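Some notes on the structure that comes next.
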Amino acid sequence: DRVRRGSLLAAGLVWAYAVMDVFHITWWRRRKAFLQRKKRLLLDVHRAYAGGQLEEADALLRKLVRMDPEEPAGHFWRGLVLRDLGRPWRARTSFKQALWVDPTKSWRLQVQHQLWRMRTASRVSTS
């Protein structure tokens, strides 16, 4: 009876490890495909931004932010695009979202620099 329970337990463990392995492989493939889509989307954003197609870049960035709201690059780039489109309040919101998502030193410095540029540009234009 003990031997039978032990073999059943061993068979159950083998089955559980097989299921976990399949799940891990499936998860990894999905994650890899997701990261590739995100990378292609960022490249399309860079091309549109460099080509002066700001509305298209904004549409792509909205898609990127919906796809991965925890990606600070999407919020940061959207802030740049909105700033160039003449929508400073939305740009500030996007910059601050980039900071909220990832408050590391590198993002903080970039966002603070962009916010400073926007403040000094608004002071120059009002005086």
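Values in this text are rule-based calculations from the coordinates and carry no lab data. Here the structure is a predicted model, which means the values were calculated and not measured. Glycine gets a Cβ as well: all are built from the backbone with ideal geometry, and neighbour counts include every protein chain shown.
Residue-by-condition table, conditions (1) surrounded by 16 or more Cβ atoms within 10 Å (Cβ to Cβ); (2) not in a helix (DSSP H, G or I):
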position	(1), (2)
SER7	no, no
LEU61	yes, no
VAL81	yes, no
TRP89	no, no
GLN97	yes, no
PRO103	no, yes
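A single entry from PHE34, PHE23 fulfils the requirement of being within 30 Å of ALA91 (Cβ to Cβ), out of contact with any helix residue (DSSP H, G or I) (no Cβ under 7 Å at 6 or more places or on another chain) and of a type in the set (Phe, Trp, Tyr): PHE34. Please work out if PHE76 is more than 13 Å from the chain's Cα centre (by Cα), crowded, with 19+ Cβ neighbours inside 10 Å and assigned to a helix (DSSP H, G or I). Taking the combined requirement at face value, the residue does not satisfy it.
Among the residues of the stretch 38-59, the ones that are part of a helix (DSSP H, G or I), over 23 Å from ARG108 (Cα atoms) and either of a type in the set (S, T, N, Q) or under 11 Å from the mean Cα position of the chain (by Cα) (or both) come to 1 in all.
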